[in-house]
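Peer 1: Pasting in a structure now, in structure tokens, and then I'll have a few things to ask.
Since every read-out is calculated from the coordinates, none of them should be taken as a lab result. Computed from a predicted structure; not experimentally measured. Don't worry about glycine lacking a Cβ; one is built from the backbone with ideal geometry, like all the others, and counts go over all protein chains shown.
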Amino acid sequence: MHAPVARPVTCPLCEAMCGLLVETDGGRVTSIRGDADDPFSRGHLCPKAVALQDLHEDPDRLRQPLVKRDGRFVPVSWGEALDVAARGLRAVQRRHGRDAVATYAGNPTVHSVGASLFLPFLLRALGTRNRYSATSVDQLPHHVAAATMFGHPLLIPIPDLDRTQHLVIIGANPLASNGSLMTAPDVARRLKAIRARGGRVVVVDPRRTETAQAADAHHFVRPGTDAFLLLAMLHVVLAEGLERPSRARDLAVELDVLREVAAGWTPERVAPATGMSADAIATLARDFAAAPSAALYGRVGVSMQEFGAVSTWLITALNLLTGRLDEPGGVMFTTPAVDPVGAKGGYAPDRIGRWHSRVRGLPEFMGELPVAALAEEIETPGAGQVRALVTHAGNPVLSTPNGGRLERALGQLECMVSVDFYLNETTRHAHVILPPVGPLEREHYDVVFNALAVRNVAKWAPPLFAPPAGAMPDWQILSALTERLQRGWRWRAIKQRMATRAMRRMGVKGILSHELAKGPYARRTPGDGPPLTMAVLEAQPHGVDLGALVPMLPGRLRTASGKIHAAPAAIVADLPRVARGLERALDAVRGQPPGTLLLVGRRELRSNNSWMHNSARLVRGKPRCTLLMHPRDAAACGVADGAVARVTSRVGAVEAPVVVTDAMMPGVVSLPHGWGHGRAGVQLRTAAAVPGVSINDLTDDARVDALCGVAGFSGTPVTVARAGDEGADGPVG
Ligand SMILES: Nc1nc2c(c(=O)[nH]1)N[C@H]1C(S)=C(S)[C@@H](COP(=O)(O)OP(=O)(O)OC[C@H]3O[C@@H](n4cnc5c(=O)[nH]c(N)nc54)[C@H](O)[C@@H]3O)O[C@H]1N2
Ligand SMILES: Nc1nc2c(c(=O)[nH]1)N[C@H]1C(S)=C(S)[C@@H](COP(=O)(O)OP(=O)(O)OC[C@H]3O[C@@H](n4cnc5c(=O)[nH]c(N)nc54)[C@H](O)[C@@H]3O)O[C@H]1N2
Ligand code: SF4
Ligand SMILES: [Mo]
């Protein structure tokens, strides 16, 4: 008989890193609860945590590699699957050149320590410039601002949530998302604590979100106009002398450029475009600047838009000018035990566009191209055309703009290899699917999210379950594929091959031990605690608290100048485009074509991008893939609450049930992303029964931030009508 045992693990689903206690009996999960002994999450968990059991047990989760033969997937051995994959990719590269193979890395890659350590080797072995990832439908602008201002794309300042007295949240809904670029388990408690200590929380969002309802104040803002709003806030701060001296400010150059930039951007000028009154804008800036401590925080609502990079930069510039950067209660840099920033200058330079996409000329950043360009790179003939694709932990058919077009393009690939444990909307187009073990069958350490957390912490968890015989974690699949691709390389590539082998021999734990020894806690003095080693982490399985964030400047800067660039030239050069954008936005509010509404996305607590809808307990209840509309707009479009609406954009149309609510800003509608599981050939039985539609059958791949190429999801123009009222034009998602 087995006695049940409860072991601490970390939830890998979102950025919050909640500690969980998972009780198992034999090979089965018997319960999942919050780990009260985790020093960071202190017992918190959300409804998704228990769904880890469903994921573990899911009969639809792939456990054996699949190869497509005559249009049907057949299970094969690992050796055969890896051989077929490597042969297919090498054949395409031999015939058409290295860039003919594209790669796409999805979001769970960064939640898997093994994958994040070993994917780079595969990318190097492929040596293609057609590298894509979820970054360009997400946080790319944050990396652009961090790299150009501080010298490294991962030097993203994090709100010091537990000490701030004033938090302004622009385009984020942490009560649903559990926080992003702000790892903070139990964000609801932490926001409540701000108010309990006399501080304020202010939300700027085109929807009165869960977070807005729990805040002191909420302002509706017209989607895509945050850059105008932030420029006006900068104007107010400078015109009214609300700057504050600080150590960070003493390290900054180009402050005079900020002054030039802000001239003319008065609240009165931008107010009609943003939908906020000039008074409200000025008050927002004044209150922020006057608070004893404050953090201005923006997330996907401001980064996934046409002025994403400018908006993200302005947020940091405002924090800098008002003395909030690198100060307790403001926005601060982390000191992670395993440091992805590294000792020297950036692993990626601060330049944007060292090369460009072939068809549209979109810029490279950090070695990647914007995924909005992937479909056209596959479709457009000529030298350099993409003819093969490797996806890792990604579902771009549902998560990238105009996913329908990408989906059609995938059908035309000569070879597609997916490392993924579901046969879903994307992987069904693959020729080979290589399924890794599930999250409870692999080790866990958050290399990425510890570098983005509101507190310095570290935690290691060995695999909860031994992987089934023959099964492999991501890192073993990736290194096995890499080694096959390296076979037959000439002597000049020997070094790379040796490096891959050496890393593979070290394994994930060995690499982490090595990195810990190079990290900031390796030589702690006894007063601060023992030097942080793997042995210490193993002895403290609930996690090790390394303290609140501490001021890190100037030591943390990685710019060549050793200074903070308050107004990086590459970003400032984009301001004329922003000015034109304002004129366009002003024209639009004056004479918007009747019936045009602006579409935004949303998340809710029981979702996790596109891939957890196969858990019955997470999809139970009322339909959640609904179109939220203001009563005025619903009336104007002739749709009633509960009716099915047809939503049409330049690129497609979908039908979704309507929820009429004054939580929406008039003129704006909201659909969640990650749905659309009704496609044939998808092996997601639970999800397929509540399929919803994909917002990305409406979003437009032509709408990107021209500066960095991030998808411009926010504010996609759409029309809405009662389903069945219009002629049958365009595809239905
Ligand atoms: N439950 C759940 N949690 C998740 C995820 C999930 O899918 N489900 N996904 C995870 C991932 S990958 C990420 S990146 C994070 C994202 O975390 P968040 O950034 O908090 O994401 P959202 O909850 O989508 O909040 C974005 C908000 O921006 C608003 N918005 C849209 N357009 C605009 C605009 O133009 N301006 C402004 N000011 N606001 C706008 C939307 O109305 C929405 O309320 O969440 C993570 N956590
Ligand atoms: N319109 C609109 N579009 C959006 C967003 C939005 O707010 N609005 N949000 C964007 C954001 S922030 C993000 S991050 C992207 C996400 O976009 P993607 O990263 O492309 O997609 P996910 O939905 O995260 O799908 C993850 C895939 O990884 C697989 N998987 C899960 N765990 C593992 C693992 O450990 N190993 C491997 N190999 N596979 C695994 C799942 O089966 C699934 O196929 O979507 C973006 N798209
Ligand atoms: S908030 Fe939920 S999904 Fe995110 S880490 Fe915690 S338990 Fe997991
Ligand atoms: Mo994301």
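Peer 1: What does the charge dipole of the range 5-57 about its Cα centre add up to, to the nearest 20 debye, if the Cβ of each Lys and Arg holds +1 and the Cβ of each Asp and Glu holds -1?
Peer 2: In debye, rounded to 20, the range 5-57 gives about 40.
Peer 1: Mind pulling the per residue volume of the convex hull built on the Cα atoms of the chain? Å³ is fine.
Peer 2: Here the figure is 157 Å³ per residue.
Peer 1: Okay, moving on. What is the distance in Å between the Cα centroid of the range 536-580 and that of the range 153-191?
Peer 2: First find each Cα centre; the distance between them is then 15 Å.
Peer 1: Looking at the range 614-664, which trypsin sites (Lys or Arg not before Pro) are in a loop (DSSP not H, G, I, E or B) and have at most 15 other Cβ atoms within 10 Å?
Peer 2: Of the trypsin sites (Lys or Arg not before Pro), the ones in loops of the range 614-664 whose Cβ has at most 15 other Cβ atoms within 10 Å are Arg620, Arg650.
Peer 1: Between Ala3 and Asp641, what is the label-to-label distance in nm when each label sits 7 Å out along the Cα-to-Cβ direction?
Peer 2: For the pair Ala3/Asp641, the computed spacing is 5.5 nm.
Peer 1: Oh, and also: Restricting things to Cα coordinates, could you compute the convex hull volume per residue of the range 5-57 in Å³?
Peer 2: 64
Peer 1: Something else about it: What is the gain in length, in nm to one decimal, between Ala214 and Glu655 on full extension, counting 0.36 nm per residue of separation less the C-alpha to C-alpha distance?
Peer 2: 155.6 nm
Peer 1: May I pose another question? Take every Cα-Cα distance within the range 592-722, group them into 5 Å bins from 0 onward, and report for each bin the whole-number percent of pairs it holds.
Peer 2: 2, 11, 20, 22, 19, 14, 8, 3, 0
Peer 1: For the range 148-196, what is the convex hull volume of the alpha-carbon atoms per residue, in Å³?
Peer 2: 95
Peer 1: Stokes-Einstein at 4 °C, 1.567 mPa s, Kirkwood radius from Cα pairs: D for the range 571-613 in µm² s⁻¹?
Peer 2: 93
Peer 1: Further, regarding this structure: Putting +1 on Lys and Arg Cβ atoms and -1 on Asp and Glu Cβ atoms, find which of Ala309, Ala248, Gly330 reaches farthest to the positive end of the dipole of the range 242-331.
Peer 2: Gly330
Peer 1: Once you mark the chymotrypsin sites (Phe, Trp or Tyr not before Pro) that are in a DSSP loop and have at most 13 other Cβ atoms within 10 Å, what is the longest gap between them in the chain?
Peer 2: Answer from the scan: 1-354.
Peer 1: For labels at Ala721 and Ala680 in the simple 7 Å Cα→Cβ model, what's the distance in nm?
Peer 2: 2.8
Peer 1: What Rg and what Dmax come out for the range 393-473 when only alpha-carbon atoms are used, in angstroms?
Peer 2: 16.7, 47
Peer 1: Something else: So which trypsin sites (Lys or Arg not before Pro) in the range 283-383 are both in a DSSP loop and have at most 16 other Cβ atoms within 10 Å of their Cβ?
Peer 2: Lys344, Arg351, Arg354
Peer 1: Run the numbers for Ala499 and Arg124: contour at 0.36 nm per residue of separation, minus the present Cα-Cα distance, in nm.
Peer 2: Separation in residues times 0.36 nm, less the Cα-Cα distance, equals 133.9 nm.
Peer 1: Place a +1 charge on the Cβ of each Lys and Arg in the range 436-591 and a -1 charge on the Cβ of each Asp and Glu, then give the dipole magnitude about the Cα centre in debye, rounded to the nearest 20.
Peer 2: 860
Peer 1: Further question on the same structure: With labels modelled as points extended 7 Å from the Cα through the Cβ direction, what inter-label distance (nm, one decimal) is found for Arg247 paired with Lys68?
Peer 2: 5.6
Peer 1: So how strong a dipole does the chain carry about its Cα centre when Lys and Arg Cβ are +1 and Asp and Glu Cβ are -1, to the nearest 20 debye?
Peer 2: The dipole magnitude comes to about 1840 debye.
Peer 1: Now, a different point. Cα-based Rg (one decimal) and Dmax (whole number) for the range 217-299, in Å?
Peer 2: Computed over the Cα atoms of the range 217-299, radius of gyration and Dmax are 13.0, 37 Å.
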